[in-house]
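For reference, the structure discussed in these notes is given below.
The values are calculated or read from the model by the stated rules, or taken from the named source; none is laboratory data. Since we're looking at a predicted model, the values are computed, not measured. Neighbour counts run over all protein chains shown; Cβ positions are idealised from the backbone, glycine included.
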Amino acid sequence: MAVTDHVDLNGFMEGVKKRNPHQPEFVQAVQEVAEDIFEFMEDKEEYHSQQILRRIAEPDRVVSFRVCWEDDAGNIRVQRGWRVQNNNAIGPYKGGIRFHPSVTESVLKFLAFEQTFKNALTGLPMGGGKGGSNFNPKGKSVREIMRFCQSFMTELYRHIGADIDVPAGDIGVGGREIGFMFGQYKRITNNFTGVLTGKGLEWGGSLIRTEATGYGAVYFLENMLATKGENLEGKTAVISGSGNVATHAAEKIVQLGGKVLTLSDSGGFIHDPDGITQDKIDWVKTHKTHRRGRIEEYVEAFPKATFHAGKTPWGVPCDMALPCATQNELLGEDAKMLVANGCRAVSEGANMPTDLDGVHIFKAAKLLYAPGKASNAGGVAVSGLEMSQNSERRSWKEDELQQMLKDIMAGIHKSCIRYGDQGGGYIDYVKGANIAGFKKVADAMLAFGVV
Ligand code: NAP
């Protein structure tokens, strides 16, 4: 007789906590998904008996490795690298690489878990993975970064491939780092293949990949506002972060007639009541990305702005909020403040920026609230299109890709409505995204049997 482990949500989460001690971010990500999936699975015996959620919440594998490199002073430095291959039921593992001192196995497992649902939502054939290292690129010379990337790839190359696992960038990993890693992969394997995305345009990259996550998060916001007969014109936005996602989200908001009031980094946030216009965004891009500067220097360039050290921007009254920096940067109290100040829509550019308290507050207030796995999927979607272009040995034009990105974000929005429409004009986008992403992966897993 088959033994069906029919645990309830609490029993399931107890098991997750026990099996993953000291991994709070991973447990948090699983909890957020499980809250919706348990309700959805209630009358679906097959998902229970086949232990589908339990299987998705157990990565296919976690590879951990040593990364040695030599700094400019000749010291030998030792870091830890990981690749988490969470699930490849619907396509090769796909997900970024993060270089940041806060990277742990827990952080990468949460990101790979989230990525599995996000990639399913795009409608493209991509499984979920994530990788990275606790290497801190801040303050390192370009040659040090190159040596680190080469050493990282010297181990990673044996675990990835165009049909196996296709990493991309994330925090601390932009076009330059992807170049160093791709160069080393090619050198070791003698194989010019689409093994990484976010590549330079001259060597297999796709137009609009750099912009896609931030732009996509704003397209998603536009779709949410449209359900209320509204658009971005004249609305104010508070954005955190000042990296790839934040600056491109700001750019698209400005293009669509909105006013951006804030940007931030790990040192604090700047508030520019005149609005952060395109020329100011260009200044931030150059300052943060190319000069590796701090956001606080913005107030020297634009003196009407103020800098708030060690603070996040959620207390600034706004119509829309876009957390675009990192996980758990918007807590329950921040969510309360946003709601109290009249914020009507939240579109997450970062992964899991809102903690569980905050999620519950946004849901209770019936805000237009998009979780990152839906709203920031534009980046991986264009990565998926980069993979297609590499396989076909062709490059699509910018307007074609812009349209594809818009269509994919509209498609994700539609999937969220399908499973998240609560009636009375309220759409629970978290629930919609969790169920739509889960269902696609789960049904593929059922087809494969117990593997
Ligand atoms: P990025 O270009 O490296 O920028 C990261 C930004 O976040 C920087 O402004 C950084 O400030 C800030 N930040 C990082 N850690 C922080 C912390 N602990 N506290 C406060 N601020 C912090 O990275 P990104 O690509 O924009 O990624 C931002 C978020 O979007 C991440 O959650 C990432 O997973 C998610 N995301 C990215 C993509 C993509 O295509 N790049 C796709 C989907 C989701 P400092 O300069 O001070 O470090």
* Asked: Does any residue of segment 312-329 turn out to be touching a helix residue (DSSP H, G or I) at 6+ places or on another chain (Cβ under 6 Å) and more than 15 Å from the ligand (Cβ to nearest atom)?
  -> yes
* Asked: Any idea how many residues of segment 333-392 are within 16 Å of the ligand (Cβ to nearest atom) and touching a residue at least 60 places away in the same chain (Cβ under 8 Å)?
  -> 27
* Any residue at all in segment 240-252 that is assigned to a strand (DSSP E or B), surrounded by 20 or more Cβ atoms within 10 Å (Cβ to Cβ) and touching a Cys at 6+ places or on another chain (Cβ under 8 Å)? -> yes
* To do: Check G96 against each of (1) part of a loop (DSSP other than H, G, I, E, B); (2) touching a Gly at 6+ places or on another chain (Cβ under 6 Å) and name the one condition it does not meet.
  => (1)
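For residues in segment 254-271 being closer than 17 Å to T312 by Cα and away from the ligand (no atom under 13 Å from the Cβ), which is surrounded by the fewest Cβ atoms within 10 Å (Cβ to Cβ)?
Step one: filter segment 254-271 for residues closer than 17 Å to T312 by Cα, giving 260-271.
Narrowing the set further to residues that are away from the ligand (no atom under 13 Å from the Cβ) leaves 260-261, 271.
On the way: V260: 26, L261: 23, H271: 21.
Restricting to residues being closer than 17 Å to T312 by Cα and away from the ligand (no atom under 13 Å from the Cβ), the top hit is H271.
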* Asked: Just checking, which of E155, E177 is within 23 Å of G349 (Cα to Cα), of a type in the set (D, E, K, R) and not in a loop (DSSP other than H, G, I, E, B)?
  -> E177
* Within segment 354-371, how many residues are under 23 Å from S242 (Cα atoms) and either in contact with a Gly (Cβ under 7 Å, 6 or more places away or on another chain) or among the charged types (D, E, K, R) (or both)? -> 2
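If the requirement is being modelled with pLDDT of 95 or more and within 16 Å of the ligand (Cβ to nearest atom), which of these qualifies: M224, M181?
On the way: M224 fails: within 16 Å of the ligand (Cβ to nearest atom).
On inspection, the qualifying residue turns out to be M181.
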* Is it fair to say E233 is among the acidic types (D, E) and within 16 Å of the ligand (Cβ to nearest atom)? -> no
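If a residue must be of a type in the set (V, I, T) and more than 28 Å from I208 (Cα to Cα), how many such residues does segment 398-449 contain?
Step one: of segment 398-449, the residues of a type in the set (V, I, T) are 408, 412, 417, 427, 430, 435, 441.
Subsequent filtering for residues that are more than 28 Å from I208 (Cα to Cα) retains 427, 435.
Qualifying residue count for the region: 2.
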* Taking the stated definitions as given, is G257 assigned by TED's automatic domain parsing to the domain that holds E233, closer than 25 Å to G358 by Cα and either among the aliphatic types (A, V, I, L, M) or at pLDDT 95 or above (or both)? -> no
* Structure fact -> Here the residues within segment 182-204 that are surrounded by 13 or more Cβ atoms within 10 Å (Cβ to Cβ), assigned to a loop (DSSP other than H, G, I, E, B) and hydrophobic (A, V, I, L, M, F, W, C) are V195, L196
* Asked: Does G161 meet the test of being within 16 Å of the ligand (Cβ to nearest atom) and either at pLDDT 95 or above or surrounded by fewer than 24 Cβ atoms within 10 Å (Cβ to Cβ) (or both)?
  -> no
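Do you know which residues across segment 42-77 are in a helix (DSSP H, G or I), surrounded by fewer than 19 Cβ atoms within 10 Å (Cβ to Cβ) and under 27 Å from the mean Cα position of the chain (by Cα)? Before the answer, list the steps.
Residues of segment 42-77 in a helix (DSSP H, G or I): 45-49, 52-56.
Retained after the next criterion (residues that are surrounded by fewer than 19 Cβ atoms within 10 Å (Cβ to Cβ)): 45-46, 48-49, 54-55.
If the condition is that a residue be in a helix (DSSP H, G or I), surrounded by fewer than 19 Cβ atoms within 10 Å (Cβ to Cβ) and under 27 Å from the mean Cα position of the chain (by Cα), then R54, R55 are the ones that fit.
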* To do: Can you confirm whether segment 284-305 contains a residue that is farther than 29 Å from K94 by Cβ, among the charged types (D, E, K, R), in a loop (DSSP other than H, G, I, E, B) and at pLDDT below 95?
  => yes
* Asked: Of the conditions (1) more than 16 Å from the ligand (Cβ to nearest atom); (2) of a type in the set (K, R); (3) in contact with a Ser or Thr (Cβ under 9 Å, 6 or more places away or on another chain), R143 fails just one. Which one is it?
  -> (3)
* Asked: Hey, among S388, S395, S415, which residue is closer than 24 Å to K440 by Cβ and in contact with a helix residue (DSSP H, G or I) (Cβ under 6 Å, 6 or more places away or on another chain)?
  -> S415
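Out of the residues in segment 272-282 that are assigned to a helix (DSSP H, G or I) and buried (at least 17 other Cβ atoms within 10 Å of the Cβ), which is farthest from the ligand (Cβ to nearest atom)?
Just the residues of segment 272-282 that are assigned to a helix (DSSP H, G or I), to begin with: 278-282.
After this cut, where a residue has to be buried (at least 17 other Cβ atoms within 10 Å of the Cβ) as well, the list is 280-281.
Details: K280: 15, I281: 13 Å.
The selected residue is K280.
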